Amino acid sequence: MSSSRQRGSALVIALALLVILAGIGVGVTRLVVVESQRSSLAVQQIRLAEAARLGLDLAGHLARRGNCSALNFASVDPSLRGVQISTSCVLRSAPEGAGMVDHFLTASRATAGRYGNPGYGSVALEHEFSATR
């Protein structure tokens, strides 16, 4: 009878260990999924920040050449696939001394995905600079 009880106790202990290990496995799996999602979002934010910088650089370059206007485009860079970039530029001229100073405010926004859907992201940047004529 005691060997039957020992086998029954061993079975209960084995089942308890199995339940504990299964719980740990589920917990680790959830943690891996959450960290994977966080990592994907971090990579997307970096991509969007780089795209917004690209738009800001382009807007500043065009403004310095006399074309202070808005642009909307999709990047042709494969690493920025699916990213929309929109830029704007505001020019204010003011007299200074014997000449004129142009004050530019350029802005750029990079977006990916559709607002309200998983995977949506947006980064906006602004830059202000002046140039004398």
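Every number in this text was worked out from the coordinates using simple rules, so none of it is lab data. All values reported here derive from a predicted model rather than from experimental measurement. Counting neighbours? That spans all protein chains shown, and the Cβs are built from the backbone with ideal geometry, glycine included.
Annotations
- Filtering segment 82-118 to residues that are outside any strand (DSSP E or B) and within 26 Å of the chain's Cα centre (by Cα) leaves GLY82, GLY113, ARG114, TYR115, GLY116, ASN117, PRO118.
- Members of segment 94-103 that are out of contact with any Cys (no Cβ under 9 Å at 6 or more places or on another chain) and either in contact (Cβ under 8 Å) with a residue 24 or more places away in the chain or under 30 Å from GLN44 (Cα atoms) (or both): GLU96, GLY99, MET100, VAL101, HIS103
- Within segment 105-114, the residues that satisfy the criterion of being of a type outside the set (A, V, I, L, M) and crowded, with 17+ Cβ neighbours inside 10 Å are THR106, SER108, ARG109, THR111.
- Some residue of segment 44-66 being outside any helix (DSSP H, G or I) and of a type in the set (D, E, K, R): yes
- Single residue of LEU58, LEU62 found to be within 30 Å of ARG133 (Cα to Cα), free of Cβ contacts under 8 Å to residues at least 60 places away in the same chain and in contact with a strand residue (DSSP E or B) (Cβ under 7 Å, 6 or more places away or on another chain): LEU58
- Leading residue by the ranking (surrounded by the fewest Cβ atoms within 10 Å (Cβ to Cβ)) among those in segment 64-104 that are closer than 28 Å to LEU48 by Cβ and among the small types (Gly, Ala, Ser): SER79
- Odd one out for VAL33 among (1) outside any strand (DSSP E or B); (2) of a type in the set (Val, Ile, Thr); (3) in contact (Cβ under 8 Å) with a residue 12 or more places away in the chain: (3)
- Qualifying residue in segment 115-124 (condition: surrounded by 12 or more Cβ atoms within 10 Å (Cβ to Cβ), in contact with a Gly (Cβ under 7 Å, 6 or more places away or on another chain) and aromatic (Phe, Trp, Tyr)): yes
- Check on SER86, without any contact (Cβ under 8 Å) to a residue 24 or more places away in the chain and of a type in the set (Ser, Thr, Tyr): no
- Residue within segment 80-90 that is charged (D, E, K, R) and either within 22 Å of SER39 (Cβ to Cβ) or in contact with a helix residue (DSSP H, G or I) (Cβ under 8 Å, 6 or more places away or on another chain) (or both) present: yes
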